[in-house]
Ligand code: SF4
Ligand code: FES
């Protein structure tokens, strides 16, 4: 294995640069170094003007997502040695406006996420004296997978529909809505229906499935969307056949 590897890093300052450019840096190639370690080496030793986001370095915070050799990836969990002898191209996540270099603007997701009410919605509010809400292991298993989402937005970068239709709620927002819809303690599924069962909701998805492939946490947003399509179709049918009883 060579001692160093070349990182081809996208540089861009909107408002100053006419277009993005690529800058090459030579960084040490160590077995245990992730792409993020290479970027931090550049920042600390070679070029302090490079901008990128990261926090936990352990696949938890979801802030270090970038495009690595064309694929959306968590740079703290993607290792340089897997790309040896290189070069490795590091670019910002696709489908988001660039703030600077590798930092993207995620306001669109932050605006959409709360609209699906990603929290437990209760119609009744039992007191503490009534005890906890109990769940069986099977009820827990219904939504556990979707609760693993870390909002890294790799699924949005991988999704061709989101790239073409910015109004699309998107994979993670829908998967997180399902996380609560499938929770036996939640009573808000009918409140989410008006938003999810729309042209900008689940019906925008053409089931390309790239979101599930890109997800580093084993969430299956594509599966969540297909499952919700069935729910939405069934509820719509019931609301037509039995308008007095549908919720
Ligand atoms: S579903 Fe997966 S890829 Fe999408 S934001 Fe959540 S953790 Fe990231
Ligand atoms: S730095 Fe937190 S997920 Fe990579």
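The values are calculated or read from the model by the stated rules, or taken from the named source; none is laboratory data. Computed from a predicted model, the values in this text were never measured in an experiment. When we count neighbours, we look across all protein chains shown, and the Cβ atoms used for this are built from the backbone with ideal geometry, even at glycine.
If you go through region 20-71 one residue at a time, how many are within 16 Å of ligand 1 (Cβ to nearest atom), in a loop (DSSP other than H, G, I, E, B) and within 20 Å of residue 97 (Cβ to Cβ)?
The number of residues fulfilling the criteria is 5.
Kindly establish whether residue 136 is more than 16 Å from the chain's Cα centre (by Cα) and more than 16 Å from ligand 1 (Cβ to nearest atom).
The answer is yes for residue 136.
Out of the residues in region 91-116 that are in contact with a helix residue (DSSP H, G or I) (Cβ under 6 Å, 6 or more places away or on another chain) and part of a loop (DSSP other than H, G, I, E, B), which is nearest to residue 167 (Cα to Cα)?
Checking each candidate, the answer is 95.
Among the listed residues 113, 74, 93, identify the single one that is within 20 Å of the chain's Cα centre (by Cα), surrounded by 17 or more Cβ atoms within 10 Å (Cβ to Cβ), assigned by TED's automatic domain parsing to the domain that holds residue 157 and within 16 Å of ligand 1 (Cβ to nearest atom).
Of the residues listed, the single one that is within 20 Å of the chain's Cα centre (by Cα), surrounded by 17 or more Cβ atoms within 10 Å (Cβ to Cβ), assigned by TED's automatic domain parsing to the domain that holds residue 157 and within 16 Å of ligand 1 (Cβ to nearest atom) is 113.
Can you report the number of residues in region 60-76 which are near ligand 2 (Cβ under 8 Å from one of its atoms) and under 24 Å from residue 160 (Cα atoms)?
Initial filter on region 60-76 (near ligand 2 (Cβ under 8 Å from one of its atoms)): 60-65, 74-76.
Checking the rest, the ones that are also under 24 Å from residue 160 (Cα atoms) come to 62-65, 74-75.
Looking only at that region, the number is 6.
Filter region 148-168 down to the residues that are in a loop (DSSP other than H, G, I, E, B) and surrounded by 24 or more Cβ atoms within 10 Å (Cβ to Cβ) and list them by number.
152, 153, 159
Given the options 212, 231, name the one that is in the same structural domain as residue 170 (by TED's automatic domain parsing), away from ligand 1 (no atom under 15 Å from the Cβ) and crowded, with 17+ Cβ neighbours inside 10 Å.
Going through 212, 231 in turn, just one is in the same structural domain as residue 170 (by TED's automatic domain parsing), away from ligand 1 (no atom under 15 Å from the Cβ) and crowded, with 17+ Cβ neighbours inside 10 Å: 231.
Can you pull out the residues in region 215-226 that are part of a helix (DSSP H, G or I) and buried (at least 17 other Cβ atoms within 10 Å of the Cβ)?
Answer for region 215-226, where residues must be part of a helix (DSSP H, G or I) and buried (at least 17 other Cβ atoms within 10 Å of the Cβ): 221, 222, 223, 224, 225.
Can you find a residue in region 136-147 that is assigned to a loop (DSSP other than H, G, I, E, B) and either within 26 Å of residue 229 (Cβ to Cβ) or in contact with a strand residue (DSSP E or B) (Cβ under 8 Å, 6 or more places away or on another chain) (or both)?
Checked region 136-147: no residue is assigned to a loop (DSSP other than H, G, I, E, B) and either within 26 Å of residue 229 (Cβ to Cβ) or in contact with a strand residue (DSSP E or B) (Cβ under 8 Å, 6 or more places away or on another chain) (or both).
Condition (residue is outside the structural domain of residue 53 (by TED's automatic domain parsing), within 16 Å of ligand 2 (Cβ to nearest atom) and touching a residue at least 12 places away in the same chain (Cβ under 8 Å)) applied to region 177-199: is it met by at least one residue?
Within region 177-199, not a single residue is outside the structural domain of residue 53 (by TED's automatic domain parsing), within 16 Å of ligand 2 (Cβ to nearest atom) and touching a residue at least 12 places away in the same chain (Cβ under 8 Å).
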